[in-house]
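Worksheet: one structure, shown below.
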Amino acid sequence: MFSKRTIAAVGAFSMITAIAMTGHAQSRRHADPDADADPDADTDTPKPKAKAKTKAKAKAKARNADPDADADPDADTTKPRTKAKTRAKTKARSRDADPPADADADADAERERDRERERERDRQDREREREKAAADAEAANQKTKEKATETEAQLTSHNGAGGGEAYQAGTLGLSIPFTSIGAATGAAAGEAVPTVDIVYFLDNTAALDLIVGINVHRKHTVGAMGMSADSTLIGAAAGLGYRMYSSKNGLIAFLEPQAVISWPDTSSTDALSVNVGGSFGLERNLTPWFSVSGAIGATLNFASTFKDIQLATSAKLAANLYWR
């Protein structure tokens, strides 16, 4: 179809074109050393010189990205020591990067501790103040009680009942009458039996009064015919009273109900009598342990086996001695 001349021309043209292209490629390799010398080689596989340049560029980039990276470019990962140093430096940089935040946190914690210590001191101060107030109140209360007791003692040392030296629980007293006016004796009573009062204080306002008396009389009588006779009269009395004391305006007042069995003549049963009555009296202390008293009252007497009944008033002055 084509002539031999035409085919020869095309072949010559192809050879010239190939030679021209080869020369152009060599000139490019001289102009760019990094260019591929073999155009027919695989473009995916770089030559050693290109590899070295690529690794150098990667190393420069790694140094720019992390100056602490390992210097060995052929290593796949950083060494453990390099990693530890990197982490420590990273932490140091993180601490250095935000020092105000740590300082603020420390300051807040210190302020909180200061507030807690202040609250504890306030609580202790309040506790001490409460204890001091309680102690002061107790001392004031005790002082008030002592003052009241002292005042009462001063008053009763002059007035008697209510807390004086004598008028206290356990005190014994002896009341000796030196004047007695009127008494219920009864028709068959004979001679009245003189009595004394032994007082025992239950407290500063009440006392028991033990009434006792005895009478022994050796009698000498002369009859109408001049005949004389001697006889002995024996009498006794015992009773119990309850005294209730009160003090006012320097005087001690007492009210005493009492009952007394009197037997003026023990030789005759008809002389036995029972006296029931009461009296009201006033007492004045001359000293803390000595006083004088006066009392008035009334007595109902039953004698002769309750066949002889008598009602009479009485009055008595007495001297009173007390001891503990």
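The values are calculated or read from the model by the stated rules, or taken from the named source; none is laboratory data. Since the structure is predicted, the reported quantities are computational estimates derived from the model, not experimental observations. We place every Cβ from the backbone using ideal geometry, glycine too, and count neighbours over all the protein chains shown.
Before moving on, here are some points about what is shown:
- Residue check, Ile296 among the β-branched types (Val, Ile, Thr) and touching a helix residue (DSSP H, G or I) at 6+ places or on another chain (Cβ under 7 Å): no
- Some residue of region 145-167 being modelled with pLDDT of 80 or more and in a loop (DSSP other than H, G, I, E, B): yes
- Looking only at residues in region 269-292 that are touching a Gly at 6+ places or on another chain (Cβ under 8 Å) and farther than 22 Å from Thr179 by Cβ, the one that is surrounded by the fewest Cβ atoms within 10 Å (Cβ to Cβ) is Pro288.
- Taken over region 178-201, residues that are among the aliphatic types (A, V, I, L, M) and at pLDDT 95 or above amount to 2.
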